[in-house]
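Structure first, commentary second.
Just so it is clear, none of the values below were taken in a lab; they were calculated from the coordinates. Source: prediction; values computed, not measured. Note that each Cβ is placed from the backbone with ideal geometry, even for glycine, and that neighbours are counted across all protein chains shown.
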Amino acid sequence: MEIDRELIGTSSAPWVVEVERGAIRRFAEAIGDDNPLWRDADHARAQGYRDVIAPPTFPVSFVMPGIPPWWEGLDRKRFLAGEHGFAYERAITVGDVLTLRMTLLDVERKEGRSGSMDLMLQEVRGVDSAGADVFAHRRTTVYRGVGSTVRGS
């Protein structure tokens, strides 16, 4: 099965995450970043934040329940992670309750030495409880064509 390009522009159902201190600490530990903004509330407040803030790549930890509609019926063994990018209106902070929604922005077909692939450009946007934009996380998921190979395999 191939990606249904008719779904470009569609979004997932919204889901809600509550940003917890422990989740930020564990994420910072996992990426090996000991910046006190991620760990020390007093330090974060001294820098003008209301509490500990999350590292810039933290939105990768927000897992959508279920799968996006455009993934339905696709062979997950053909997925590869691609590029990630982040844009912020403000820092993600302990205590934030964020409503998230993923949108399929585009699908681009590429041909290469290892075969064809589709690049799915997806975006997760997060808004706070007041409805204000907080972040946008754009990511590319590579969907390898049938019979394509991965170098080194």
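Values computed for the structure shown
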{"read-out": "GNM top mover of Ala41, Ala130, Ala91 - the chain, alpha-carbon springs below 10 Å", "value": "Ala130"}
{"read-out": "Helix-only mean residue ellipticity at 222 nm for the chain, each DSSP H run of n ≥ 4 adding -39500 (n - 2.57), per residue, nearest 500", "value": "-3000 deg cm²/dmol"}
{"read-out": "³J(HN,Hα) computed for each position of segment 90-107 - Karplus, 6.51 cos²θ - 1.76 cosθ + 1.60, integer Hz, glycine/proline x", "value": "7, 5, 6, 10, 3, x, 4, 10, 10, 9, 10, 8, 9, 10, 7, 8, 6, 9"}
{"read-out": "Gap separating the Cα centres of segment 111-136 and segment 4-56, nearest whole Å", "value": "17"}
{"read-out": "Cα-based equivalent ellipsoid, segment 5-153: semi-axes from gyration tensor eigenvalues, Å", "value": "33, 18, 12"}
{"read-out": "Relative contact order for segment 33-153, counting Cα pairs under 8 Å that sit 6 or more residues apart, in percent", "value": "24"}
{"read-out": "Segment 86-109 residues near the modelled Asp133 label - backbone nitrogen below 18 Å, point 7 Å along Cα→Cβ", "value": "86-93, 98-106"}
{"read-out": "Segment Asp4-Glu29, extension gain: residue separation times 0.36 nm, minus the distance between their alpha carbons", "value": "5.2 nm"}
{"read-out": "Cβ-derived FRET efficiency at R0 35 Å, Thr99 paired with Phe79, nearest 0.05", "value": "0.85"}
{"read-out": "Charge sum, other residues only, whose C-beta stays under 12 Å from Thr57's C-beta, Lys/Arg counted +1 and Asp/Glu -1", "value": "0"}
